[in-house]
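Enquirer: Handing you this structure, nothing more for now.
The values are calculated or read from the model by the stated rules, or taken from the named source; none is laboratory data. In this text the structure is predicted, and so the values were computed from the model without any measurement. A quick note on method: Cβ atoms are made from the backbone with ideal geometry, for glycine too, and the neighbour counts reach across all protein chains shown.
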């Protein structure tokens, strides 16, 4: 494959791919966390296969890939940070405020916990909670947005790393990819044997500190983002080989099976990002070659664009639904499925509305400064 002439080639299928990841995360939370079914085996399907963990890793890698893909010589660090902040914070602040309001008016709720103290609430608002090894801070308010705290850190670093990353010779990119994968394979073992503490009841057999270090800590999750960055560079330089999705899927299954016999930290880590992130360039290459598929259809792309809002809103909606039907009440298969479908539909409709009438207008209005201010927006990225 020859090198691409420009990174301006649109990748609609990768936007559509975000929908798949969002559905996987929702399914995991609806089953394993909300637990609407009488049958514990059905509820446990949210944890038997690591599709939720793998999807989160894919989101991290996908962010690295897409942001590297769209980087241009005309961009600046200031403009990049401005776009990311405008993209992240409006939906986050809105969801944060609504969740705080619900907890303040209703009181403790399943999944959402108790009304937070000012400290945890503020760290959540400013998205720094993933740096704090305390579950009261880490999982406060809309608890799942600890991952957005990680993303914010990745976004802060990327403009500082783009210049050296762009200078890596094309024939060394795969070595860098392999080196990053090796680091990801070594870290869980180090965490396992360096720390000995009682199991954390929420996620045994790991202790809370082990879980925080291997799953929540932004520095440990950064290699997943970096894999996406390197994958984008490999595709852009024409070094991506012809890989069949079925062989990548087999590789992912083998890595997953390996985590079942390795120390427990591996099953909580981002090691699945190594095989899973290979799907991203496969999809991207299809777009660059003009091969359309269902992921690039208009409706799928719309839902993919709305996936960030969906991710933020689905957890509070699951918590509110669990509160309305009863904190511990469970249901037969049909009723439980209908409840989950209803929450999913409401979450999707809400997310699309937020994307169309809140997120996108704000991006258009504030993501870029007026032309006269561009000269002072910051240093060039590449």
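Enquirer: Could you identify the single residue in 86, 66, 102 that is on the phi < 0 side of the Ramachandran plot, touching a strand residue (DSSP E or B) at 6+ places or on another chain (Cβ under 8 Å) and part of a helix (DSSP H, G or I)? Reasoning before the result, please.
Expert: Details: 86 fails: touching a strand residue (DSSP E or B) at 6+ places or on another chain (Cβ under 8 Å); 66 fails: touching a strand residue (DSSP E or B) at 6+ places or on another chain (Cβ under 8 Å).
After ruling out the rest, the residue left standing is 102.
Enquirer: What tally of residues in region 218-248 results from selecting those that are surrounded by 14 or more Cβ atoms within 10 Å (Cβ to Cβ), without any contact (Cβ under 8 Å) to a residue 40 or more places away in the chain and assigned to a helix (DSSP H, G or I)?
Expert: To start, the set of residues in region 218-248 that are surrounded by 14 or more Cβ atoms within 10 Å (Cβ to Cβ) comprises 218, 220-237, 239-240, 243, 248.
From what is left, the residues that are without any contact (Cβ under 8 Å) to a residue 40 or more places away in the chain are 243, 248.
With the extra rule that they be assigned to a helix (DSSP H, G or I), the set shrinks to 248.
The total comes to 1.
Enquirer: Say whether the condition of being under 23 Å from the mean Cα position of the chain (by Cα) and over 22 Å from residue 77 (Cβ atoms) is met by at least one residue in region 189-199.
Expert: Residues of region 189-199 that are under 23 Å from the mean Cα position of the chain (by Cα), as a first pass: 191.
Adding the requirement that they be over 22 Å from residue 77 (Cβ atoms) leaves 191.
Yes, the conditions are met somewhere in region 189-199.
Enquirer: When you scan region 29-47, do you find a residue that is modelled with pLDDT under 95, under 30 Å from residue 231 (Cα atoms) and part of a loop (DSSP other than H, G, I, E, B), even just one?
Expert: Within region 29-47, not a single residue is modelled with pLDDT under 95, under 30 Å from residue 231 (Cα atoms) and part of a loop (DSSP other than H, G, I, E, B).
Enquirer: Among the candidates 148, 220, 162, 182, which residue alone is more than 19 Å from residue 274 (Cα to Cα) and modelled with pLDDT of 95 or more?
Expert: Residue meeting the stated conditions: 148.
Enquirer: Something else about it: Taking region 162-204 only, how many residues are out of contact with any strand residue (DSSP E or B) (no Cβ under 9 Å at 6 or more places or on another chain) and more than 19 Å from residue 240 (Cβ to Cβ)?
Expert: Residues of region 162-204 out of contact with any strand residue (DSSP E or B) (no Cβ under 9 Å at 6 or more places or on another chain): 162, 164-204.
Subset that is more than 19 Å from residue 240 (Cβ to Cβ): 162, 164, 167, 182-204.
Residues in region 162-204 being out of contact with any strand residue (DSSP E or B) (no Cβ under 9 Å at 6 or more places or on another chain) and more than 19 Å from residue 240 (Cβ to Cβ): 26 in total.
Enquirer: Scan region 105-114 and tell me whether some residue there is in contact (Cβ under 8 Å) with a residue 12 or more places away in the chain and part of a helix (DSSP H, G or I).
Expert: Quick first cut of region 105-114, residues in contact (Cβ under 8 Å) with a residue 12 or more places away in the chain only: 106, 109-113.
Applying the additional criterion that residues be part of a helix (DSSP H, G or I) yields 106.
So far as region 105-114 goes, yes, one or more of its residues are in contact (Cβ under 8 Å) with a residue 12 or more places away in the chain and part of a helix (DSSP H, G or I).
Enquirer: For residue 204, which of the numbered conditions (1) within 14 Å of residue 268 (Cα to Cα); (2) in contact (Cβ under 8 Å) with a residue 40 or more places away in the chain; (3) surrounded by fewer than 20 Cβ atoms within 10 Å (Cβ to Cβ) fails to hold?
Expert: So residue 204 meets the others, but not (2).
Enquirer: Residue by residue through region 129-142, note down the ones that are in contact (Cβ under 8 Å) with a residue 60 or more places away in the chain, assigned to a helix (DSSP H, G or I) and buried (at least 21 other Cβ atoms within 10 Å of the Cβ). Show your work before the answer.
Expert: As a first pass, look at region 129-142 and keep what is in contact (Cβ under 8 Å) with a residue 60 or more places away in the chain: 130-131, 133, 135, 138, 142.
Those still in the list that are assigned to a helix (DSSP H, G or I) too: 130-131, 135, 138.
Passing the criteria: 130, 138.
Enquirer: Check whether at least one residue in region 118-127 is surrounded by 18 or more Cβ atoms within 10 Å (Cβ to Cβ) and closer than 27 Å to residue 46 by Cα, and report yes or no.
Expert: Yes; the residues of region 118-127 include at least one that is surrounded by 18 or more Cβ atoms within 10 Å (Cβ to Cβ) and closer than 27 Å to residue 46 by Cα.
Enquirer: Here's a follow-up. Answer yes if at least one residue in region 156-179 is closer than 22 Å to residue 317 by Cβ and in contact with a helix residue (DSSP H, G or I) (Cβ under 7 Å, 6 or more places away or on another chain), and no otherwise. Step through it out loud before you land on a result.
Expert: In the first step, residues of region 156-179 are kept if they are closer than 22 Å to residue 317 by Cβ; the result is none.
No, because not a single residue in region 156-179 is closer than 22 Å to residue 317 by Cβ and in contact with a helix residue (DSSP H, G or I) (Cβ under 7 Å, 6 or more places away or on another chain).
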